[in-house]
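The values are calculated or read from the model by the stated rules, or taken from the named source; none is laboratory data. Owing to the predicted nature of the structure, the values given are computational and were not obtained by experimental measurement. A quick note on method: Cβ atoms are made from the backbone with ideal geometry, for glycine too, and the neighbour counts reach across all protein chains shown. Ligands, DNA and RNA are excluded from the accessible area calculation, which covers all protein heavy atoms including side chains. Shrake-Rupley method; radii C 1.70, N 1.55, O 1.52, S 1.80 Å.
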Amino acid sequence: MAAVASSAHSHPMSEATIKSCFGHLYTSLGIFDGEVLCGFAILHQIFEDATLMDICVAPNYQGKGHGKALLNAVIAEAKAKGAEVLLLEVRQSGAAARALYEVLGFMETGVRKGYYKTETGSEDAILMQLNF
């Protein structure tokens with residue numbers, strides 16, 4: 001998962017952080033090409049509140065519907081576990097990701113100023129949520 005995240009994100013979660021996302025409050029979902037992990041999503045849920053911690057698809061598998069499939073699986077998993085809301089943060093510059101979230105019903109709810117690191121400083125996170 002860390003290798004996929006490193007290939008897909010400019011500032012990925014560390015391997016230690018990814019490892020910390022395995023436990024009873026987390027669900028990890030993957031998309032495979034044979035035995036090769038080409039994308040994954042991490043869902044964190046406490047009672048009715050679910051949070052998409054990370055979702056990424058390796059660059060050579062992007063543009064093939066894998067991100068949408070992962071996000072639909074996350075939504076289904078959250079609903080099955082009784083979530084009433086699914087929250088996420090996305091880079092302000094992440095136009096393709098934001099468009100996908102909006103197509104699936106997510107609404108912008110706020111901004112976290114300077115949340116994400118960039119090569120030249122930081123950029124805002126757009127907060128989004130999907131109510132069930």
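The set of residues in the stretch 18-29 that are open to solvent by less than 60 Å² (accessible area, probe 1.4 Å) and assigned to a helix (DSSP H, G or I) contains only Ile18. Each residue in the stretch 76-112 was checked for being assigned to a helix (DSSP H, G or I), open to solvent by 20 Å² or more (accessible area, probe 1.4 Å) and closer than 18 Å to Ala41 by Cβ, and 11 of them qualify.
Scanning the stretch 40-64 for residues that are open to solvent by 70 Å² or more (accessible area, probe 1.4 Å), farther than 17 Å from Tyr101 by Cα, in a strand (DSSP E or B) and not β-branched (Val, Ile, Thr) returns a single hit, Asp49. Out of Leu71, Leu37, one residue alone is at negative phi, free of Cβ contacts under 8 Å to residues at least 40 places away in the same chain and open to solvent by less than 20 Å² (accessible area, probe 1.4 Å). It is Leu71.
In the stretch 122-129 there is at least one residue matching the filter, namely being modelled with pLDDT of 95 or more, open to solvent by 20 Å² or more (accessible area, probe 1.4 Å), farther than 17 Å from His11 by Cβ and touching a Ser or Thr at 6+ places or on another chain (Cβ under 6 Å). Counting the residues of the stretch 1-17 that are loosely packed, with under 12 Cβ neighbours inside 10 Å and either within 13 Å of the chain's Cα centre (by Cα) or part of a helix (DSSP H, G or I) (or both) gives 2.
As for the stretch 106-123, it holds no residue that is free of Cβ contacts under 8 Å to residues at least 24 places away in the same chain and within 23 Å of Val4 (Cβ to Cβ).
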